[in-house]
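Read through the structure below, which is laid out as structure tokens, and then see the notes.
What follows is calculated from the coordinates using simple rules that are stated; it is not laboratory data. Computed from a prediction, not measured in an experiment: that's the story for all the values here. Heads up, the Cβs are rebuilt from the backbone with ideal geometry, glycines too, and the neighbour counts pull from every protein chain shown.
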Amino acid sequence: MYLWLDKADRLVAGWMDKYCQFLMRISLAFIFIWFGALKPMGISPEIELIKRTVYWIRPEPFVIVLGWWEIAIGVALLFRPFIRVALLLLLIQLPGTFLPLILLPEICFTSFPLGLTLEGQYIIKNLFLVSAAFVIGGKVRSKPL
């Protein structure tokens, strides 16, 4: 009776399985290029948070370098031969994104540990970026589409 539904489900799931890694890689690249480009342009909403977090470094050049670093991650994700480079750069960069949770809890939490401010939510979403990087890294040896 529901044979057609099962067939449709298998078809959709098969399509998703075939293209999920590619779509995740392109999405992650888009996020890194876009958010990275905002930093050298001086219009990133993160700039003040970055300046307060890495107070031991001159903030202006650091923000610009960080922006270009993120752009490099995104561009490298776009080209299959450079995925490993992108993942290495990403794994070096991402732990720093969690620093405000430790160094500036008053900015990240309304009520520790569950009440997150908008900044805290912005930082916590990086857990997804790490997970996406692991999925991409886990498939890097797979045959390309």
Practice prompt. Report, by residue number, each residue of the range 86-95 that is touching a helix residue (DSSP H, G or I) at 6+ places or on another chain (Cβ under 8 Å) and exposed (fewer than 15 other Cβ atoms within 10 Å of the Cβ).
Written response: Leu91
Practice prompt. Please go through the range 45-54 and pick out each residue that is in contact (Cβ under 8 Å) with a residue 60 or more places away in the chain and assigned to a helix (DSSP H, G or I).
Written response: Leu49
Worksheet item: Of everything in the range 1-44 that's part of a loop (DSSP other than H, G, I, E, B) and under 16 Å from the mean Cα position of the chain (by Cα), which residue is surrounded by the fewest Cβ atoms within 10 Å (Cβ to Cβ)?
Response: Ser44
Worksheet entry | Residues satisfying the stated conditions in the range 118-145, i.e. surrounded by 14 or more Cβ atoms within 10 Å (Cβ to Cβ) and farther than 26 Å from Phe22 by Cα | Glu119, Gly120
Practice prompt. Would you point out the residue of the range 91-133, among those that are touching a strand residue (DSSP E or B) at 6+ places or on another chain (Cβ under 7 Å) and assigned to a helix (DSSP H, G or I), that is nearest to Ile73 (Cα to Cα)?
Written response: Ile124
